[in-house]
Amino acid sequence: MTDQPTRMRGDLGLLSIVLFGLAYMAPAVVTSTFGVIAVTSRGTAPTAYLVATGAMLLTGLSYAKMARIIPSSGSVYTYARRMLDSRVGFLAGWAMLLDYLFLPMVAFLVQAIYLHAQYPSVPEWLWLVINIVLATAVNVIGLKVADKVNKTLLIAVTGCLLVLLVLCVRYGLGHGGGAAAGHALWNSAASVSAVTAAAAVAAYAFLGFDAVSTLSEEAKDPRRTIPRGIVLTVLAGGVIFVTLSFVMQWAHPGGAFADESSAGYAVSTLVGGKNFADVANIVSMLGGFASCVAIQASTSRLMFVMGRDNVLPRPVFGRLHAKLLTPVPNVLIVGAVALLATRLTLADATSFINFGAFLGFTLVNVCVIAHAVRQWRSASRPPLFGFLVLPLAGAAVDVYLITQLGPTATRLGLAWLVLGAVYLAVLTKGFRRPAPELRLGDKEPTAATAP
């Protein structure tokens, strides 16, 4: 190991970037969340996902703007420290760490739970360890291997989802036809409040599109590739979620299920039989492994940038392997933290995530506005609609999503922020100094002006 390399290898193209984002989001999540969304929206799940797609696209556009302006792997941490203040940047990165550190734990835990349910003879903790070890090995070797793993598994998941789509359409045509299809979008029980409430839940399925921005230093032509990759990831995820939820809602009208948490499996059994449902469940778990790999990769890279800036201890977090050029210590740390899932329930682990995610989303929108204000004060005049109206709308949506979180998640999120503020106070001698930043000369990305 050496701390000499300070930049990662940039050789990922647009397709790899988008597939990484989709793997992180795990497209098959629509089948596991379908029941909850259908119940909350009163049988109009695709409409809820459509609203959620529009809401997430607003923030996705802001991420795309910032990724073009500042192509760095630090994501919202780097954006906030450059556009707002180094101390705000630290707290933004600290908040996102809450999301990024616990997302791998949740992803690995979900894998272990479903694998144990399918193969109960193997203990849940052993499935957890197996998944963590395999994903960690892939990420230590590097993103080229992770990219190949993601593409292979996504092909399998996509094929399975396409079969489910065809089966649902065939079943829907034979049971209700066009009338039932129309009711999947809107029905007499639906309401605007029910759909927006369901959209707030459905928005969680998009968590991960922002992780694309952490690959800026490993992408070809990042100022062009990363913004396109972010927007395409949101759009592709939206198309998948809306389309699949539509045909599933068509096959099973309304929001009444014996168990809403397993409604996706029930629909698969309804349209394709138990054998198909079992195979689809296995393939979904393979897709879940791809998501584990992607989540662990992006988390380790955010930690690397914060370590490189000496916000986290640089000797540990800011190191790259001399030959692999991967942040090996961070990959191992993320894997070790994920092992804590053996002591937590799924509900406990997921309660930490969303507060940090939506707070980070809000700050990205604020960063776009801050950049525009700087440009307006100079000779440049960025478009008012794209650099003020859209990010304001995105920030409003993200704040609304925060208000939809439960009290436990809010309390834990605020407690995490207080802990970060105390650490920052020590780091900056009572906030009198800027948060530390490593200057890399010509290699450090510079901010581009808005068009």
Starting with the highest mean, order 380-390, 422-432 by the number of other Cβ atoms within 10 Å, averaged over the residues of each peptide. 380-390, 422-432
If N is the residue count of the range 124-209, its Cα Rg over 2.2 N^0.38 Å rounds to 1.65
Could you tell me what a quarter of the Cα convex hull surface of the range 185-291 works out to, in nm² with one decimal place? 8.6 nm²
List H183, H116, ordered by accessible area with a 1.4 Å probe, largest first: H183, H116
Under a Cβ-only charge scheme (Lys and Arg +1, Asp and Glu -1), can you give me the dipole magnitude of the chain about the Cα centre, in debye to the nearest 20? 1340 debye
Which one, V337, G182, A199, projects farthest toward the positive side of the charge dipole computed for the chain from Cβ point charges (K/R +1, D/E -1)? V337
On Cα atoms only, tilt of 390-403 relative to the major axis of the chain in degrees: 70 degrees
If you add up the charges near V234, with Lys and Arg at +1 and Asp and Glu at -1, over every other residue whose beta carbon is less than 12 angstrom from its beta carbon, what do you get? 0
For P(r) over Cα pairs in 10 Å bins from 0, in percent the list reads (i) 5, 21, 32, 26, 12, 4, 0; (ii) 4, 17, 24, 21, 12, 6, 5, 5, 4, 2, 1, 0, 0; (iii) 4, 19, 28, 23, 14, 6, 2, 2, 1, 1, 0, 0; the calculated value is entry (i)
Quickly work out the T403-to-R223 label distance, labels modelled 7 Å from Cα along the C-beta direction, and quote it in nm with one decimal. 3.9 nm
Of the peptides 198-210, 279-291, 356-368, how do they stack up when ordered by the mean number of other Cβ atoms within 10 Å, highest first? 356-368, 198-210, 279-291
Mean Cβ count within 10 Å, highest first, over the residues of peptides 331-337, 313-319: 331-337, 313-319
Accessible surface, the chain, averaged per residue in Å² (probe 1.4 Å): 39 Å²
How far, in degrees from 0 to 90, does helix 353-377 lean away from the longest principal axis of the Cα atoms of the chain, to the nearest 10? 50 degrees
In deg cm²/dmol, rounded to 500, what helix-only [θ] at 222 nm does the chain give when every DSSP H run of at least 4 residues adds -39500 (n - 2.57) and the total is split over its residues? -24000 deg cm²/dmol
If you average over every viewing direction, what projected area does the convex hull of the Cα atoms of the range 166-232 give, in nm²? 7.3 nm²
Using a probe of 1.4 angstrom, how much of the accessible area of the chain is carbon and sulfur, in percent? 68 percent
Could you work out the relative contact order of the chain, using alpha carbon pairs under 8 angstrom and six or more residues apart, expressed as a whole percent? 34 percent
Report the extension gain between A137 and S121 in nm, rounded to one decimal, defined as 0.36 nm multiplied by the number of residues separating them, less their alpha carbon distance. 3.2 nm
7 Å from Cα along Cα→Cβ at both L388 and T269: what's the point-to-point distance in nm? 5.7 nm
Helix 407-427 vs. the chain, principal-axis angle (Cα, 0 to 90°, nearest 10): 10 degrees
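The values are calculated or read from the model by the stated rules, or taken from the named source; none is laboratory data. Note that this is a predicted model, so its numbers are computed, not measured. No Cβ is skipped: glycine too gets one built from the backbone with ideal geometry, and neighbour counts run over all protein chains shown. Ligands, DNA and RNA are stripped out before the accessible areas are found, and what is left, the full protein with its side chains, is counted by its heavy atoms. Shrake-Rupley method; radii C 1.70, N 1.55, O 1.52, S 1.80 Å.
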